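Accompanying notes for the structure given below.
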Amino acid sequence: MYIEGKITDKPTHGLIVCIPKKPKPTRPEDYRPLTLLNSDIKLLTRIIANRLSPWLTTLLNPNQYCGIHGNTIFQAVTSVRDAITHAEQTRTPLCILSLDFREAFDNISYTYLFTLLQTYGFSSHFQRRIRNLYNNATSSVHINGHTSGPIPIRCSVRQGCPLSAQLFALCLNPLLCTLEDTLTGLRVGRRNSKTAVIACADDVTIFVTSQHDILKIQDAIDNYAAASGARINITKSMATAAGTWDTSINVLNIPYYTEMKILGIHLTNTVHQSAKNSWATVTGKIRTRARDTYNRELCLANRILYVHSFLLAQAWYTVQIFPKPGDCIRQINMTIVWFLWQGSIFRVPLSTLQQRKQQGSRGLINVAAKVVPDCSTACNCKNRKWERLLQSGYDDGTS
């Protein structure tokens, strides 16, 4: 299939399953459609994705943190965090604009995609492989135990395909380049280059520092929407004012919020409050997950495995963005003890469980010890101003 480029219609047929985005979905918008694809097609698209990956470093805007080797989601979030810190310390007017694209992957026009591939200079063989994947593609929807008949796919890059994130990043790239070239942007710390937009796949965050930039943003979005088929969801898009930004300024009719969630991290107009809210959310989720699994019949070894692999997962992500407050570590440890011993009398000290298995113990993660190197990795950036603001706001428990 890869060498000859011949793909029959049957392997390109997909099965769409709907995954709930929230605990109690009530509308179609509350579900995320994922396409289950033939294994041969997934292997083929993985080969194409691996071949395409090295070229994306030069093709994509460097502020796109999906698809570029070496760029990570942590860098995307820390860039937004540093922008908030810069505005807070320098009193710079800043509006953080988080755009939500309605059905972002599903509305990409094939005409736009294929024209873009030709414009970027991809070979005719490469373009033909992509066309063969999408030209006669069909999907069936599986819901409530029933499967529909085949539905022709006239647009979209399929979520569930190994190649879809890279193709979407290529489609979004003209918008990012336009915004980066036309907006004022920010120069944070000692960075020579400005930053006007941050993106991770379809999560786009724009730094608005001047009222004159609003019209430029509107024109860029309108041109991109007309070409690609994308649509902005105003009701889910958010704006947050930082520094001295005037909230009476209308930004694309997008409502202002005191807090927004970007790539899983809760951010406000100050870095201290952002850290406090993010860690409060983490500790709350850990308690909820422990409570939901509390009555399951698990032995001590399996409960420790659950703590390692699932219960603390969100904490390891957050600590690479914000240092942990000392009281959060205490709350997490108390939750772990309660979950392990099922609320009974404390049997074995936590410090004993945290010793190595070679010493006859259980090898339970020491939360306070693990977050120190993770936090140090997150702090390893040129801009340390946000760190001082945090330390002045709360004690991180390391002293």
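If you take every residue apart from P20 with its C-beta less than 12 Å away from the C-beta of P20, what net charge results, scoring Lys and Arg +1 and Asp and Glu -1?
+3
In the context of the full set of protein chains, residues of region 93-225 present 43 Å² of accessible surface per residue (probe radius 1.4 Å, heavy atoms only).
Scalar couplings 3J(HN,Hα) for region 207-223, obtained by applying the Karplus form with A = 6.51, B = -1.76, C = 1.60 to θ = phi - 60°, are 9, 9, 10, 9, 5, 5, 6, 5, 5, 5, 5, 4, 5, 5, 5, 4, 5 Hz; x denotes Gly and Pro. Once all protein chains are placed together, C200 keeps about 20 Å² accessible to a 1.4 angstrom probe.
For region 66-74, putting each phi into the Karplus relation 6.51 cos²θ - 1.76 cosθ + 1.60 with θ = phi - 60° gives couplings of 10, x, 9, 4, x, 8, 10, 5, 5 Hz, in residue order, rounded to whole numbers and with x for Gly and Pro. Given the alternatives (i) 1.11; (ii) 0.96; (iii) 1.51, Cα Rg over 2.2 N^0.38 Å as computed for this entry is given by (i). Among the trypsin sites (Lys or Arg not before Pro) found in region 1-87, those both in a DSSP coil and sparsely packed, with 14 or fewer other Cβ atoms within 10 Å of their Cβ, are K6, K21. Partner lysines whose Cα lies under 21 Å from the Cα of K194, excluding those fewer than 8 positions away in the same chain, are identified as K216, K382, K385.
Counting 0.36 nm for each residue step from T8 to Q218 and taking away their Cα separation leaves a gain of 71.4 nm.
A simple spin-label model places the labels of T119 and L43 3.6 nm from each other, with each point 7 Å out along Cα-to-Cβ. Of the accessible area of region 120-199, with the probe set at 1.4 angstrom, what percent is carbon plus sulfur? Its accessible area is 50 percent carbon and sulfur atoms.
Model label points for R27 and A368, set 7 angstrom from Cα along the Cα-to-Cβ axis, are 4.7 nm apart. Listed cross-link partners K6/K42; K261/K324; K21/K42; K42/K261; K24/K276 are compared with a 20 Å cut-off, the Cα-Cα value being larger for K21/K42; K42/K261; K24/K276.
Per-residue ellipticity at 222 nm computed for the chain from its helices equals -14000 deg cm²/dmol, with DSSP H segments shorter than 4 residues left out and the rest contributing -39,500 (n - 2.57). Annotation: amide H of R362 within the under-5 Å range of Q355, sequence separation 5 or more or interchain, hydrogens built in the peptide plane.
The values are calculated or read from the model by the stated rules, or taken from the named source; none is laboratory data. As the structure is a computational prediction, the values presented were derived from the model and not from experiment. Note that each Cβ is placed from the backbone with ideal geometry, even for glycine, and that neighbours are counted across all protein chains shown. These area figures cover heavy atoms from the full protein model, side chains too; ligands, DNA and RNA do not enter into them. Shrake-Rupley method; radii C 1.70, N 1.55, O 1.52, S 1.80 Å.
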